[in-house]
Amino acid sequence: MRPIAKAERCWKVRWLTTKRFTNGKAILQQAQQSQRGELLFGLASGWSILGNHEKARYYLSLIAQQCAETEYESEAQRWIKKQPGTVIQHDCMGCHVDLR
């Protein structure tokens, strides 16, 4: 993986910490399962790319709790079992993905 430039890193940190994501519990509760799983995986992946693996693992644990008994939980559990410094890479499982 290439090093993240300072400007790009600042932009990603701002995006990940905006009010609508950090205070988005109501949005998550109203979201469909696939929307919730994709949003939380995006946050977990973003934090792991930035090197904050503690926050990344926090979002993986949220996926395991809020998407219980789904493919999202299974994938989150696999990432949780990996070494903490691993960058999380998730491929969308949503309805718009062509599964041919």
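The values are calculated or read from the model by the stated rules, or taken from the named source; none is laboratory data. Bear in mind the structure is a predicted one, so any value in this text is a computation, not a measurement. Heads up, the Cβs are rebuilt from the backbone with ideal geometry, glycines too, and the neighbour counts pull from every protein chain shown.
Just a few scattered comments:
- Every condition in (1) in a helix (DSSP H, G or I); (2) modelled with pLDDT of 90 or more; (3) loosely packed, with under 12 Cβ neighbours inside 10 Å holds for K55 except the one numbered (3).
Each row is one residue, and each column tells you yes or no for (1) at pLDDT 90 or above; (2) surrounded by 18 or more Cβ atoms within 10 Å (Cβ to Cβ); (3) not basic (K, R).
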{"site": "E8", "(1), (2), (3)": "no, no, yes"}
{"site": "A44", "(1), (2), (3)": "yes, yes, yes"}
{"site": "S48", "(1), (2), (3)": "yes, yes, yes"}
{"site": "Q65", "(1), (2), (3)": "yes, no, yes"}
{"site": "Q83", "(1), (2), (3)": "no, no, yes"}
{"site": "I88", "(1), (2), (3)": "no, yes, yes"}
{"site": "M93", "(1), (2), (3)": "no, no, yes"}
